[in-house]
Amino acid sequence: MAFKQLAAAFAGMLVLAAGTVGSAFAQGYQIVGLGDSLMAGYRLAPGESFPERLEAALKAAGHDVVIANAGVSGDTSTGGLARLDWSVPDGTKLVLLELGANDMLRGISPEITEKNLDETITRLKARGIAVLLIGMKAAPNLGPDYEAAFNGIYERLAQKHGLPFYPFFLDGVAATPALQLDDGMHPNAQGIDRMVQGVLPVVEKLLPATTGGG
């Protein structure tokens, strides 16, 4: 009998805890960072990824936000589109869309990248979710034709869909060794802080007044 009572009490505690977690998660303006390793926080310590550092910066500015990290290392625009529905749950208000770098590194046709991102944006808008489009730039060694075709993707899509647009996610970090990991491609923790510094004011403009801040 004592065992049954203990088990029942434990089950009740689990239900209560689950309810508390769900309640806490439901609070705040829900944002999802949908991207690749640059969003995921490749080789960074817990708390150092872009979504975590951006959330901390927004909260420090008085905004009630929660940013989920839906970055997957190695992901392409095709992969991001394929996992869109489960990566961006119901209740999401804003998506920081950062995909295309791996398409570029693999030499995938810019037309394919643009089509995938176009469909991703269209589906998010159909769900009533706002999108901040975050751009990438092609490496110069891919040649001027590829560079021109790839670099134009993001501005074209921003204009087509009327989206806010941050032109280059690695602005201030690319080609700056002190802000990169030893692979020369990914940002280190200091690089992430530089990226947050650039994106922060753009995101703040997209937040409703109800999130706080001043």
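The table that follows gives values for the structure above.
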{"item": "Options S73, S109, S77; residue that is touching a Ser or Thr at 6+ places or on another chain (Cβ under 6 Å), at pLDDT 95 or above and surrounded by fewer than 19 Cβ atoms within 10 Å (Cβ to Cβ)", "result": "S73"}
{"item": "Selection count, the stretch 121-166, where residues are farther than 19 Å from L81 by Cα and among the hydroxyl-bearing types (S, T, Y)", "result": "2"}
{"item": "Conditions (1) more than 24 Å from S73 (Cβ to Cβ); (2) free of Cβ contacts under 8 Å to residues at least 40 places away in the same chain; (3) surrounded by 13 or more Cβ atoms within 10 Å (Cβ to Cβ); (4) of a type in the set (A, V, I, L, M, F, W, C): number failed by L163", "result": "(2)"}
{"item": "Test: residue in the stretch 47-55 that is in a loop (DSSP other than H, G, I, E, B), at pLDDT 95 or above, closer than 24 Å to L117 by Cα and among the polar types (S, T, N, Q)", "result": "yes"}
{"item": "Tally of residues being in contact with a helix residue (DSSP H, G or I) (Cβ under 8 Å, 6 or more places away or on another chain) and surrounded by 15 or more Cβ atoms within 10 Å (Cβ to Cβ) across the stretch 42-70", "result": "17"}
{"item": "Residue count for the stretch 166-204, restricted to those that are more than 19 Å from L44 (Cα to Cα), β-branched (V, I, T) and surrounded by fewer than 17 Cβ atoms within 10 Å (Cβ to Cβ)", "result": "1"}
{"item": "Residue check, A178 among the aliphatic types (A, V, I, L, M) and either on the phi > 0 side of the Ramachandran plot or modelled with pLDDT under 95 (or both)", "result": "no"}
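The values are calculated or read from the model by the stated rules, or taken from the named source; none is laboratory data. Everything numeric in this text was worked out from a predicted model, so none of it was measured. Cβ coordinates were reconstructed from backbone atoms using ideal geometry, including for glycine residues, and neighbour counts include every protein chain displayed.
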